[in-house]
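Data block below; observations after.
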Amino acid sequence: MLSEIKSYPLLLGARGSKRKDIEGVVDTIIKVSTIIQKCPEIRDIEINPVMVYEKKKGLKAIDVRILITNQ
């Protein structure tokens with residue numbers, strides 16, 4: 001699924017840059033999904049933008065918004 005997004009070529013190292021940490025992106029998506037499953041009070045999570053570093057160097061969420069339901 002990740003290969004279907006518009007910016008995927010940038011993760012592969014387009015424009016002369018090195019390949020980015022695609023595995024780190026996948027791992028982060030899985031971890032966020034797990035958090036959502038374990039915390040039913042979370043209504044929405046928005047992470048934008050995300051800086052992805054070179055392979056094996058990880059990534060950083062620049063801005064994150066988490067909405068919690070009032071239960």
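Here are the numbers for this structure:
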| read-out | value |
| --- | --- |
| Cβ pairs under 6 Å, 6+ apart, first in segment 1-19 and touching a residue at least 12 places away in the same chain (Cβ under 8 Å) and of a type in the set (D, E, K, R), second surrounded by 12 or more Cβ atoms within 10 Å (Cβ to Cβ) and outside any helix (DSSP H, G or I) | 18/54; 19/13; 19/55 |
| Selection status of residue 26, in contact with a strand residue (DSSP E or B) (Cβ under 6 Å, 6 or more places away or on another chain) and not charged (D, E, K, R) | no |
| Pairs where the first residue, in segment 31-47, is farther than 21 Å from residue 59 by Cβ and the second is β-branched (Val, Ile, Thr), C-beta under 8 Å, 6+ apart | 41/68; 41/69; 43/68; 43/69 |
| Residue list for segment 23-60, filter: under 23 Å from residue 7 (Cα atoms) and of a type in the set (A, V, I, L, M) | 25, 26, 29, 30, 32, 45, 47, 50, 51, 52, 59 |
| Total residues in segment 20-42, condition among the basic types (Lys, Arg) and surrounded by 12 or more Cβ atoms within 10 Å (Cβ to Cβ) | 1 |
| Tally of residues being under 14 Å from the mean Cα position of the chain (by Cα), of a type in the set (S, T, N, Q) and farther than 26 Å from residue 71 by Cα across segment 1-52 | 4 |
| Qualifying residues in segment 53-67 (those that are under 20 Å from residue 23 (Cβ atoms) and outside any loop (DSSP other than H, G, I, E, B)) - the one farthest from the chain's Cα centre (by Cα) | 54 |
| Residue 31, sole failed condition from (1) in a loop (DSSP other than H, G, I, E, B); (2) modelled with pLDDT of 95 or more | (1) |
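The values are calculated or read from the model by the stated rules, or taken from the named source; none is laboratory data. Everything numeric here is computed off the predicted structure, so don't read it as measured data. Using ideal geometry, Cβ is built from the backbone for each residue, glycine included, and neighbour counts are taken over all protein chains shown.
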